[in-house]
Amino acid sequence: MIIDSHQHFWNYEPKKHEWIDDSMSVIRRDFLPSDLKKVYQENNINGCVAVQADQTTVETDFLIQLSKENDFIKGIVGWVDLRSDVVESDLDKYSEFNSVKGFRHVVQGEPDHNFLLRKNFLRGISLLEKKHFTYDILIFPHQLGATLEFVKQFPNQKFVIDHIAKPYIKDGFYDGWAALIQEVAKQENVYCKVSGMITEADFNHWNPEQIHPYLNVVLEAFGADRIMFGSDWPVCLVAGNYGQVKQLITDFIADLSLAEQVNIMGLNAMKFYNL
């Protein structure tokens with residue numbers, strides 16, 4: 001089983017998706033399950049986890065509906081306002097849907113570098129474990145310090161770092177990111193998605209050799225039991241096609257044991273998200 005642990009769907013709206021700037025104009029259109037199903041057939045992908053791209057409960061409901069209509073969507077990571085006074089009732093509502101596996105907040109877009117450590121957000125996170133929800137951590141490297149303090153507070157909560165914390169591959173920045181991601185990886189309840197890397201490199205001139213040093217750090221730090229393949233489709237299309245994204249990972253792990261390859265390409269995601 002090959003499971004894509006990270007992809008998105010949307011009906012494109014210029015205001016809602018204003019983060020799609022001119023350099024990413026190729027993805028200024030709708031991307032729906034009918035599009036992805038064809039891609040998966042071409043690339044021998046068995047299923048996926050659909051992750052929120054908009055911070056509304058309407059988005060969560062949209063993904064729930066898509067998962068009902070498409071059995072290759074094995075689970076979803078939605079959004080609720082974890083800072084809300086009524087977050088517990090929101091979580092109870094979504095507990096009724098087997099497709100809802102966890103939640104995510106676009107922390108990378110928050111101007112407060114210590115957003116993850118604010119009391120109202122921590123209170124929301126504290127409710128996830130008992131309701132068996134995961135949490136996807138979407139951050140930039142400068143937020144890794146706060147992330148380390150954050151995950152230490154919840155040793156039993158299932159966390160996953162999205163896109164290896166988006167190191168600045170295009171600029172060749174490495175050391176600061178590497179030091180902190182290794183510290184975060186010491187927390188055994190934290191996993192990492194090997195996804196979203198080609199879009200952190202130069203869209204038009206990246207090559208696997210530029211990305212391998214970052215992959216080496218993550219593999220060594222988290223091990224083959226705590227990293228999972230993800231495409232970040234359709235965002236990845238600004239820098240490469242689906243086959244290139246998949247091949248980047250399959251080539252990188254080709255020398256690992258078959259069991260380790262199976263873990264990274266699907267089994268870890270199935271276990272983490274309880275698919």
How far apart, in nm, are the 7 Å Cα→Cβ label points at Glu183 and Asp85? 3.7 nm
Between Asn241 and Glu18, what FRET efficiency follows from the Cβ-Cβ distance if R0 is 35 Å, with the result rounded to 0.05? 0.90
DSSP loop chymotrypsin sites (Phe, Trp or Tyr not before Pro) in the range 169-275 with at most 13 other Cβ atoms within 10 Å of their Cβ, which ones? Phe173
In the chain, carbon and sulfur make up what percent of the accessible area (probe 1.4 Å)? 47 percent
In terms of Cα to Cα distance under 18 Å, which aspartates and glutamates are near enough to Lys130, apart from those fewer than 8 places away along the same chain? Asp81, Asp85, Glu88, Asp90, Asp92, Glu96
Report the relative contact order of the range 1-146, percent, no decimals, based on alpha-carbon pairs under 8 angstrom and at least 6 residues apart. 20 percent
In terms of the charge dipole of the range 138-224, which places +1 on Lys and Arg and -1 on Asp and Glu at the beta carbon, the residue among His142, Pro213, Phe154 farthest towards the positive end is Phe154
Determine the per residue accessible area of the chain with all protein chains present and a 1.4 angstrom probe, expressed in square angstrom. 44 Å²
What is the distance in Å between the Cα centroid of the range 123-173 and that of the range 6-30? 24 Å
Aspartates and glutamates with Cα under 13 Å of Lys158, excluding same-chain neighbours fewer than 8 positions away: Glu129, Asp136, Glu188
Residue-averaged 222 nm ellipticity for the chain, from DSSP H runs of 4+ at -39500 (n - 2.57), nearest 500: -10000 deg cm²/dmol
With labels modelled as points extended 7 Å from the Cα through the Cβ direction, what inter-label distance (nm, one decimal) is found for Asn204 paired with Leu122? 4.7 nm
Dimensionless Rg ratio for the chain, taking C-alpha atoms and the 2.2 N^0.38 Å reference: 0.93
Area of Phe97 that stays accessible when all protein chains are in place (1.4 Å probe, Å², to 10): 60 Å²
Would you mind checking the pairs Lys131/Lys271; Lys38/Lys246; Lys16/Lys37; Lys101/Lys193; Lys74/Lys152 and listing those with alpha carbons more than 26 angstrom apart? Lys74/Lys152
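The values are calculated or read from the model by the stated rules, or taken from the named source; none is laboratory data. Predicted, not measured: the structure shown is a model, and the values here were computed from it. Every residue, glycine as well, gets a Cβ built from its backbone with ideal geometry; the counts of neighbours run over all protein chains shown. For accessibility, only protein heavy atoms count, side chains too; no ligands or nucleic acids. Shrake-Rupley method; radii C 1.70, N 1.55, O 1.52, S 1.80 Å.
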